[in-house]
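The values are calculated or read from the model by the stated rules, or taken from the named source; none is laboratory data. It should be emphasised that the depicted structure is a prediction, and the values quoted were computed from it without experimental measurement. Neighbour counts are summed over all protein chains in view; Cβ atoms, including those assigned to glycine, are modelled from backbone coordinates with ideal geometry.
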Amino acid sequence: MNTKAVYAACLFAALNICTLSARAESNVQPHTYTDGSHLDIQKVLSLTEDTEPTCGVVNAHMTYLDSAGHQQALDYRKFSDHCTNQN
């Protein structure tokens with residue numbers, strides 16, 4: 001086996017390992033926010049909420065990176081974005 005083939009095999013193996021670890025992080029179980037929860041949020045990746053077009057309290061979901069760079073997920077309740085025209 002020549003050197004290029006060995007390097008190619010090592011590169012392929014490394015890429016497979018990285019893909020598996022990224023796939024494992026995408027299956028993060030969300031935790032539910034409660035009063036007094038300590039949140040370690042370095043960067044918010046996505047924010048979503050229920051799609052009902054009504055004003056009121058809805059379920060929301062946030063995916064974020066913590067200070068260690070690990071992907072986390074959080075479920076919480078919030079006022080709908082559809083409440084902007086009401087007091």
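Among what's in segment 28-51 and is hydroxyl-bearing (Ser, Thr, Tyr), surrounded by 10 or more Cβ atoms within 10 Å (Cβ to Cβ) and more than 14 Å from the chain's Cα centre (by Cα), pick the residue that is nearest to Thr63 (Cα to Cα). The qualifying residue nearest to Thr63 (Cα to Cα) is Tyr33.
Restricting attention to segment 37-49, the residues that are part of a loop (DSSP other than H, G, I, E, B) and at pLDDT 85 or above total 5.
Note on segment 53-87: residues that are in contact with a helix residue (DSSP H, G or I) (Cβ under 8 Å, 6 or more places away or on another chain) and either in a helix (DSSP H, G or I) or over 25 Å from Val28 (Cα atoms) (or both) amount to 4.
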